[in-house]
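No value in this document is a laboratory result; all are computed from the given coordinates. Quantities reported herein were computed from a predicted structural model and do not represent experimental measurements. Backbone-built Cβ (ideal geometry, glycine too); neighbour counts: all protein chains shown.
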Amino acid sequence: MKEAKTQVTADVGIDSLWKCLSKDLYSIVPQVLPNLVQNGEIIEGDGGLGSVILFNFGPDVPNMKYQKEKIMELDESLHRIGLQVIEGGHLDLGFTFYKTTFQLTSISEKQTLVDVAEHSNVAGCFKSVAAAHRRAANCFNAVAAGSQTMEEVLHGFILDKHQQNGDYAADPES
């Protein structure tokens, strides 16, 4: 098994980031990386452990049209989620196994350390740990929709959810 690891610091509190990552990943990724992921939806399950998410790729992913990922790990107490590709995407490119795991650790009230580990069966599939770092940095600190950072997109998403449902903790003043 081959593995690449990286760490990224996100300027979002752990509770808010965890809720986005564990409950709304399918809708957050297309907002943050619209050229990579056109849309996402839960096609099996309730969004918890064992659920399957379908991601349809955007124009910046010419060799893959879609990817189905199954939530294989979901640990609320450790803030850890693992997604394994089960159809399309990397599997269409010759991989027989591809899994990404996110582990969140609180740094401060408004900062979270995100450990990202990518696992595959193909030797040399990760050009370098730096390439994995760039992918993770794109996910958590990329510029999305022109001038917005991921933190701004997440903050707006969290505020919208909080106003709609009252179930996301967000400080409207931040």
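Each 10 Å bin from zero up to the one holding the largest Cα-Cα distance in the stretch 30-107 carries the following percent of pairs: 19, 45, 31, 5. In this rough spin-label picture, where each label sits 7 Å from Cα along the Cβ direction, the residue 93-residue 111 distance is 3.2 nm. Size descriptors for the stretch 76-127: radius of gyration and Dmax over Cα atoms are 14.0, 42 Å. Our Cα-only numbers for the stretch 28-69 put the radius of gyration and Dmax at 10.6, 30 Å. Fully extending the segment from residue 46 to residue 73, taken as 0.36 nm per residue of separation minus the present Cα-Cα distance, adds 8.3 nm. Using a simple spin-label model with pseudo-atoms 7 Å out from Cα toward Cβ, residue 39 and residue 7 lie 3.9 nm apart. Kirkwood radius for the stretch 1-134, taken over all pairs of different Cα atoms as the inverse mean of 1/r, rounds to 15.3 Å.
Each Cα pair under 8 Å and six or more residues apart adds its separation to the average, and for the stretch 1-93 the resulting relative contact order is 18 percent. Inter-part distance, the stretch 1-56 to the stretch 59-87, computed on C-alpha centroids, equals 7 Å.
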